[in-house]
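One structure is given here, and the rest of the page talks about it.
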Amino acid sequence: MENKDLSTPFLPSQSHSKYDNDEPQFIITVHDPEAQKVPNGLNFKNLDDPFEFLGSKGYEMLDSTTVDPFRNGTYSIEGVYEWLKIGICLPIALVRMVLFGVCLSVGYVATKIALLGWKDKENPLPRWRCRIMWVTRFATRGILFAFGYHWIKRRGKPAPRDTAPVVVSNHVSYVDPIFFFYEIFPTIVASDSHDSMPVVGTIIRAMQVIYVNRFSPSSRKHAISEIKRKASSNRFPRVLLFPEGTTTNGRSLISFQLGAFIPGYAIQPVVVRYPHVHFDQSWGNISLARLMFRMFTQFHNFMEVEYLPVVMPLVGQKENAVQFCKRTSHAMCVALNVVQTSHSFGDVMLLAKANESKQVNPSLYMVEMEKVAKTYHISSSEAVEFLDKFLSMKPDLSGHVGVCNFLRILRLKRCYFSEKVFGFIDMKKTGRITFKEFLLGSAHVLKHPLFRRACELAFTECDISGNHNISEQEFGCSIIMAMQNLKEDEIHELFILFDFNSDGRICRDDFMACLRQNPLLISLFAPRLLQLDLSSKVCERTTESMGP
């Protein structure tokens, strides 16, 4: 093909994604001389967004809910009655604290004796050791009594282990696992961080805990294997999981993890309620010390536990873990009379980050991470990094960021091109963006199938000298095509952003790392990529996307 004055898109548009024959094809767009142009040749008239060279057609704005499943309803002490009750209960609280300390000490000592010399952790705890653990179980009931749970209302009964080897429950408070320890003494699945907790770590080890690192795929795979192994053998206690993976306020269920459902064993769902008027016992946005103090200073704390009918895997029908999970969560939602949201532990991480930066309303930064992760394949840790970037833009009290602060952090001068980048994020076209818009727009670019290849190609084109490093002069020559009349100090600021090692040059690792953290900046190189004769490259990408 002759090298004419043509511009070849990096990826064919979706309307031309199907082909009439097996030969790879590409699309050539001829510049309209009458079209509205931006200096240096970048045509925006038919460009829906500055990332269309990747094949982007804009990102999908996911629905949001106003439900905050982690907010404690009575975080502060309000009302004369509550203050009077706390004053009256202070002497009682001291007695309760002593009882709590004694019971915890007795349980800890009994557990240490039961575990003394036990090294074969792959097999069930021997019977004589389990009998010693009864001391710990009774001590646990004393702890519940000290917290004000003088009686606990139960509905239904635990199913026999042969019928339902797996138990799942909603997770509202740290009281939940204490109750189940006393009630059924199960094997639990817990975060590996629990092992290092003083006293508590020892006690849960006696439950033959299955540890899991939620951020490690290999750890999650091993945990599922252990669930299957222990659920299949009557020699082990039944397996207890809290599929939400974190505590909520009990007024909704959040998304379930699939670990309890993949093995395919019958499951007994259990729902826990904490009825209250003046004091919400949920462990949401409240510290452990504050929650314990409030529990100690109540006349009585109410707790209800309901054992639901066993949910059996469908026999003779194809049912995957997702469908099994949906049936179980639906049964629990009906029993609790609540809805299930798409929040996950990732939202807890975002809340923690927002709290750390002392945001007035941290709940503004929740995005229903389960839905976002499924749609854009972005991890919770990546979302937290994007939140850190967004918070550096200094959002206002309503959680919005304007164009000036957005461009300041990305070190872009305000011009037609940079406003196009902001407009891509600003889905609602209000002139302000939320964190959810910033996250989804950034994830849309970052996780695009051609993003990495575009980054590599952009580095190659910027590396004019061919020495595998980009000088500041080469960098300036490359980005000047996107933003006209850049001053030396403006180029220098952007160069510093890319120069991770601060060694005065941008190597490939620097370049790729910067674009991973700031994927929107790949648009700086769009004019450069659009002006290339990418015929062969487009054919190659098209063939890859079509598959064998």
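For the reader, a short list of remarks on this structure follows.
- Val310 meets each of the listed conditions (1) among the hydrophobic types (A, V, I, L, M, F, W, C); (2) over 26 Å from the mean Cα position of the chain (by Cα); (3) within 27 Å of Phe70 (Cα to Cα) apart from (3).
- In this entry, Asn249 passes the filter for residues that are touching a residue at least 60 places away in the same chain (Cβ under 8 Å) and either of a type in the set (A, V, I, L, M) or open to solvent by less than 20 Å² (accessible area, probe 1.4 Å) (or both).
- Region 141-166, residues that are among the basic types (Lys, Arg) and under 12 Å from Val310 (Cα atoms): Lys157, Arg161
- Region 99-123 residues that are of a type in the set (D, E, K, R), paired with ones that are in a helix (DSSP H, G or I) (beta carbon under 8 Å, 6 or more apart): Lys112/Thr202
- Single condition Glu319 does not satisfy, out of (1) in contact (Cβ under 8 Å) with a residue 40 or more places away in the chain; (2) assigned to a loop (DSSP other than H, G, I, E, B): (1)
- Those helices (runs of 4 or more DSSP H) of region 351-449 in which at least 1 residues are open to solvent by less than 50 Å² (accessible area, probe 1.4 Å) and over 30 Å from Asn213 (Cα atoms), considering only elements entirely within it, cover 403-410, 416-425.
- Considering region 124-173, and only residues there that are free of Cβ contacts under 8 Å to residues at least 24 places away in the same chain and assigned to a loop (DSSP other than H, G, I, E, B), the residue that is least open to solvent (accessible area, probe 1.4 Å) turns out to be Pro126.
- Region 469-524, subset in a loop (DSSP other than H, G, I, E, B) and under 31 Å from the mean Cα position of the chain (by Cα), residue nearest to Pro50 (Cα to Cα): Asn518
- Looking only at residues of region 504-531 that are small (Gly, Ala, Ser) and touching a residue at least 24 places away in the same chain (Cβ under 8 Å), we find that the one that is farthest from Ala454 (Cα to Cα) is Gly504.
- Filtered residues of region 500-525 (kept if open to solvent by less than 10 Å² (accessible area, probe 1.4 Å), of a type outside the set (Phe, Trp, Tyr) and more than 16 Å from Ile425 (Cα to Cα)): Ile506, Asp510, Cys514, Leu515
- Screening Phe70 against (1) open to solvent by 30 Å² or more (accessible area, probe 1.4 Å); (2) at pLDDT 90 or above; (3) of a type in the set (Phe, Trp, Tyr) leaves a single unmet condition, (1).
The values are calculated or read from the model by the stated rules, or taken from the named source; none is laboratory data. Because the structure is a prediction, the values reported are computed rather than measured. Every residue, glycine as well, gets a Cβ built from its backbone with ideal geometry; the counts of neighbours run over all protein chains shown. Ligands, DNA and RNA are excluded from the accessible area calculation, which covers all protein heavy atoms including side chains. Shrake-Rupley method; radii C 1.70, N 1.55, O 1.52, S 1.80 Å.
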